[in-house]
Amino acid sequence: MTKHIIIGTSGIGGAIARRLHDKGIDLYLISRDASKLATLANELSVSHAVADVTDADGLQKAIVAAGPEIDGLAYCVGTINLKPAHRTVDADVLKDFEVNALGALRAVKAALPALKASKQATASFLLF
C-alpha cells in the first residue's frame, strides 16, 4: 500500500485526502489546526501529526514520523494577502513567503530521504 503525506487538511488538502483514501492509498496527515486535523483523521482512520509549516523543527519531526518510506507529498498550504499595495507592509509579504515558498521547501527537504527510499515515488509533489 502506498503512503502519501498531505500537509494541510482544509479545502484542497481535505478534498485530496478523501479522494486518495477512496482509492485505497494510505495517508499521513499534517496540519496546524489540531481540531480539523483530528476530525479528518478520524473520518478516514489515518495517522496524523500536528505541525505548523512556519516551525521548521516541528514540521521536520512530523514528516519524519510518517516513516522511512513515503510515496508522495501534497503541500496544500497557502496564504494570500489581499490588501492594496499602499496598505501592505514588508511583514505581510514575508509571512506569505514563509508559508507559501519556504514552508514548501522545508516540507520537500524533510520528506526527501523517505521519498528517495520509496520504490514507488515519482515526481509526485503537489504544491497548492
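The values are calculated or read from the model by the stated rules, or taken from the named source; none is laboratory data. These figures come from a predicted structure and were not determined experimentally. Note: ideal-geometry Cβ built from the backbone for every residue, glycine included; neighbour counts use all protein chains shown. The area values use the complete protein model at the heavy-atom level, side chains included, leaving out ligands, DNA and RNA. Shrake-Rupley method; radii C 1.70, N 1.55, O 1.52, S 1.80 Å.
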**Asked** So is LYS109 modelled with pLDDT of 95 or more and at negative phi or not?
**Response** yes
**Prompt:** In the stretch 48-101, what count of residues is obtained for those that are open to solvent by 80 Å² or more (accessible area, probe 1.4 Å), outside any loop (DSSP other than H, G, I, E, B) and β-branched (Val, Ile, Thr)?
**Reply:** 3
**Message:** Looking only at residues that are out of contact with any helix residue (DSSP H, G or I) (no Cβ under 9 Å at 6 or more places or on another chain) and of a type in the set (Lys, Arg) in the stretch 17-30, which one is most open to solvent (accessible area, probe 1.4 Å)?
**Reply:** ARG19
**Fill in**
Residues of the stretch 34-47 being crowded, with 18+ Cβ neighbours inside 10 Å and in a loop (DSSP other than H, G, I, E, B), in sequence order, are VAL46
**Message:** Go through the stretch 1-32 and report how many residues are of a type outside the set (Lys, Arg), more than 16 Å from ILE63 (Cα to Cα) and part of a loop (DSSP other than H, G, I, E, B).
**Reply:** 5
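So that you can scan it fast, the table gives a plain yes or no per residue for (1) closer than 18 Å to GLY103 by Cβ; (2) over 15 Å from the mean Cα position of the chain (by Cα); (3) open to solvent by less than 10 Å² (accessible area, probe 1.4 Å):
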| site | (1), (2), (3) |
| --- | --- |
| ILE5 | yes, no, yes |
| SER10 | yes, no, no |
| ALA15 | no, no, no |
| ARG32 | yes, no, no |
